[in-house]
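Beneath this line is the structure, given in structure tokens, with notes to follow.
The values are calculated or read from the model by the stated rules, or taken from the named source; none is laboratory data. Predicted model, so just to flag it, every value in this text is computed and none were measured. Cβ sites come from the backbone with ideal geometry, for glycine too, and all protein chains shown count toward neighbours. Heavy atoms of the whole protein, side chains included, go into the accessibility calculation; ligands, DNA and RNA do not. Shrake-Rupley method; radii C 1.70, N 1.55, O 1.52, S 1.80 Å.
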Amino acid sequence: MGSAGCRVVVVLLMSAAAAAYAGEAPYPTRPVRVVVPFAPGGPSDILGRLMAQKLSDSLGQTFVVDNRGSAGGVVGFEIAARAVPDGYTILVGGGSALSQNPHLYAKLPYDPRDFAMISQITQGPNLLVVHPAVPAKSVQDLIALAKAKPGQINFASAGTGNRLASEMFKSAAGIDIVNVPYKGTGQAINELVGGQVQMMMMNMIAAMPQVKSGKLRGLAVTTLKRSPALPDTPTVAESGLPGFEVTSWHLAIAPLKTPKPIVSRLSGELAKIVHLPDVKERLQSQGLEPVGSSPEELGRYIQQESVKYGKLIKQIGLKGE
């Protein structure tokens with residue numbers, strides 16, 4: 001081969017090597033910030049810290065949780081939306097901020113289109129609970145009781161999530177039950193246990209200790225499938241309201257224009273992490289199921305949830321506070 005031919009081969013090899021390097025550039029090479037849009041101790045924080053630790057283990061770099069709990073998660077999502085899209089800021093939090101908030105608030109400092117989708121991490125049910133004095137042992141009993149006493153059964157809510165879950169149940173069952181809002185979940189639980197209100201759609205983590213102690217009665221979970229955490233508790237869907245589904249779910253996202261190779265790598269890592277035996281066991285103990293979706297699947301799921309809740313929010317005229 002002549003010198004010209006050798007030069008062509010060398011150039012081609014160098015180009016191929018450069019392309020391979022560009023496609024697989026080292027990541028991460030420095031600590032990554034994981035924005036959690038809620039205060040320490042809650043479900044998003046627990047999940048965010050678990051994912052941060054496992055990502056640190058698998059990618060060999062520190063993932064640091066940054067709690068930004070204010071305005072119902074809005075501040076954290078705004079911070080993530082405005083961060084430099086270089087892969088060194090991601091957010092782990094509740095999906096309702098993208099599927100419900102745009103319908104609740106006339107103005108938000110972020111838009112669902114401001115983010116690169118990474119993965120849906122988990123999903124889990126709410127648990128429909130009643131005070132033990134309520135003479136209802138099933139969803140059908142509760143519906144019959146509410147129809148016999150329209151406007152006399154009150155349901156507790158603390159924030160928009162469980163309020164919307166109860167409103168969804170109210171609409172699907174065709175019953176007249178009355179919302180009693182509380183500033184925090186703790187206060188709502190105390191009032192429910194005390195009998196001041198009769199029912200609530202509760203987060204599984206908060207509900208299970210109350211049900212297991214006999215302070216509240218669990219009637220049904222709100223996912224389409226039964227929860228491994230409460231396998232003997234039926235779903236609302238199998239209890240007379242086919243298709244009824246309300247989920248509490250968490251996602252991982254990044255600022256828009258975060259490089260696709262980084263997004264793909266994070267998505268793939270999270271999909272593996274959530275199905276590790278120890279992680280799966282820990283999630284299921286809290287009533288959560290691992291998902292680990294692709295970015296495209298997450299985008300479609302957000303759109304689906306947005307349509308569902310947009311209709312309900314408009315129907316009941318609910319506004320964010």
Next on the checklist: Out of everything in the stretch 202-215 that is among the polar types (S, T, N, Q) and in contact (Cβ under 8 Å) with a residue 60 or more places away in the chain, what residue ends up being surrounded by the fewest Cβ atoms within 10 Å (Cβ to Cβ)?
Outcome noted: Q210
Item to check | Candidates V34, V64, V84 - the one that is in contact (Cβ under 8 Å) with a residue 24 or more places away in the chain, open to solvent by less than 20 Å² (accessible area, probe 1.4 Å), among the β-branched types (V, I, T) and outside any helix (DSSP H, G or I) | outcome: V34
Checklist outcome for this item: Turns out the helices (runs of 4 or more DSSP H) fully within the stretch 93-201 with at least 3 residues that are modelled with pLDDT under 95 and open to solvent by 20 Å² or more (accessible area, probe 1.4 Å) are 160-173, 185-193
Item to check | The listed residue being free of Cβ contacts under 8 Å to residues at least 60 places away in the same chain and under 23 Å from G174 (Cα atoms), out of V246, V236, V307 | outcome: V307
Checklist entry - List, please: which pairs have Cβ atoms under 7 Å, are six or more places apart or on different chains, and start with a residue in the stretch 261-282 that is closer than 24 Å to G87 by Cα and end with one that is open to solvent by 70 Å² or more (accessible area, probe 1.4 Å) and outside any helix (DSSP H, G or I)? => result none
Checklist outcome for this item: For the stretch 278-321 the number of residues that are at pLDDT below 95, within 24 Å of L104 (Cβ to Cβ), open to solvent by less than 70 Å² (accessible area, probe 1.4 Å) and among the polar types (S, T, N, Q) is 0
Item to check | Residues that are more than 27 Å from R33 (Cβ to Cβ) and exposed (fewer than 15 other Cβ atoms within 10 Å of the Cβ), drawn from the stretch 239-277 | outcome: P242, G243, P277
Next on the checklist: Looking at the stretch 237-259, can you tell me whether even one residue there is at pLDDT 95 or above, of a type in the set (V, I, T), touching a Pro at 6+ places or on another chain (Cβ under 7 Å) and under 26 Å from L127 (Cα atoms)?
Outcome noted: no
Item to check | Enumeration of residues in the stretch 69-81 that are surrounded by fewer than 19 Cβ atoms within 10 Å (Cβ to Cβ) and out of contact with any strand residue (DSSP E or B) (no Cβ under 9 Å at 6 or more places or on another chain) | outcome: S70, A71, V74, V75
Checklist entry - Restricting the search to the stretch 51-63, which residues are out of contact with any helix residue (DSSP H, G or I) (no Cβ under 7 Å at 6 or more places or on another chain) and hydrophobic (A, V, I, L, M, F, W, C)? => result A52
Checklist entry - Within the stretch 3-28, how many residues are modelled with pLDDT of 85 or more and exposed (fewer than 10 other Cβ atoms within 10 Å of the Cβ)? => result 1
Next on the checklist: Of everything in the stretch 32-62, what is more than 20 Å from the chain's Cα centre (by Cα) and not charged (D, E, K, R)? Give them in sequence order.
Outcome noted: V32, S56, S58, L59, G60, Q61, T62
